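Notes for the one structure printed next.
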Amino acid sequence: LGRAMQPEKQTKEVVMISGYSGTGKSSLAFNLKEIVNSAKGLGAFVTGKFGQYQSGEPLSAISQAFGELCHKILSSNANKKDGSSLCDEIEEALLSELQNEVSLLITIIPDLAEIITSKNPPTKTSNKTTSGARQTGMNYALRVFTRVMSSYFSPLVLFFDDLQWADVLSLEIIELLILDS
């Protein structure tokens with residue numbers, strides 16, 4: 001954790017906490033949340049919880065975690081006193097990289113719509129593309145979103161609870177984000 005708290009030494013790391021039910025795995029992780037989120041306002045620890053009965057909702061925990069990050073951005077934006085807007089900076093970074101693919105990102109992370117408030121909102125991407133092309137676009141959009149967020153929040157910690165209930169698409173996205181260079 002000490003290494004992760006040094007912004008100049010950004011690395012990607014995966015930590016898995018395993019154990020029997022009720023042994024305090026989530027409590028341990030939430031103790032880290034306090035440390036990360038109090039890192040001079042620079043860190044973000046967000047959570048998503050997979051549910052046994054939510055397996056039919058792909059990306060539910062990822063959407064939940066990134067939605068929490070959007071709320072952190074909105075609250076950070078309200079606290080800025082130098083006249084700059086974190087929301088504007090993030091909106092500009094996402095729109096310049098993703099253009100119309102931002103609309104795809106908003107379907108996955110509905111809370112992002114509170115940040116992307118451009119007077120010229122992105123148009124929806126065509127529904128005529130193949131599912132493979134849509135998947136490629138979604139993968140790219142999530143990678144860009146994570147890169148942009150990690151440039152503003154260091155460390156950026158994504159905590160996913162009850163991974164045993166994760167849907168296949170979520171596991172693939174988590175793997176993609178870990179392997180993204």
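Some values worked out for this structure:
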read-out	value
Conditions (1) assigned to a helix (DSSP H, G or I); (2) modelled with pLDDT of 90 or more: number failed by Arg134	(2)
Only listed residue being outside any helix (DSSP H, G or I), under 15 Å from the mean Cα position of the chain (by Cα) and not aromatic (Phe, Trp, Tyr), chosen from Leu176, Leu158, Leu142	Leu158
Residue within region 45-62 that is among the aromatic types (Phe, Trp, Tyr), assigned to a helix (DSSP H, G or I) and modelled with pLDDT of 85 or more present	no
Filtered residues of region 24-53 (kept if aliphatic (A, V, I, L, M), open to solvent by less than 40 Å² (accessible area, probe 1.4 Å) and in contact with a Ser or Thr (Cβ under 7 Å, 6 or more places away or on another chain))	none
Failed item, numbered, when Gln10 is tested on (1) out of contact with any Ser or Thr (no Cβ under 7 Å at 6 or more places or on another chain); (2) at pLDDT below 85; (3) not basic (Lys, Arg)	(1)
Hey, Tyr20 modelled with pLDDT of 85 or more, surrounded by fewer than 17 Cβ atoms within 10 Å (Cβ to Cβ) and either out of contact with any Phe, Trp or Tyr (no Cβ under 9 Å at 6 or more places or on another chain) or in a loop (DSSP other than H, G, I, E, B) (or both) or not	yes
Cβ pairs under 7 Å, 6+ apart, first in region 98-109 and among the acidic types (Asp, Glu), second open to solvent by less than 20 Å² (accessible area, probe 1.4 Å)	Glu101/Gly137; Glu101/Ala141
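The values are calculated or read from the model by the stated rules, or taken from the named source; none is laboratory data. Bear in mind the structure is a predicted one, so any value in this text is a computation, not a measurement. A quick note on method: Cβ atoms are made from the backbone with ideal geometry, for glycine too, and the neighbour counts reach across all protein chains shown. Just so you know, the surface numbers come from the protein's heavy atoms only, side chains and all, with ligands and any DNA or RNA stripped out. Shrake-Rupley method; radii C 1.70, N 1.55, O 1.52, S 1.80 Å.
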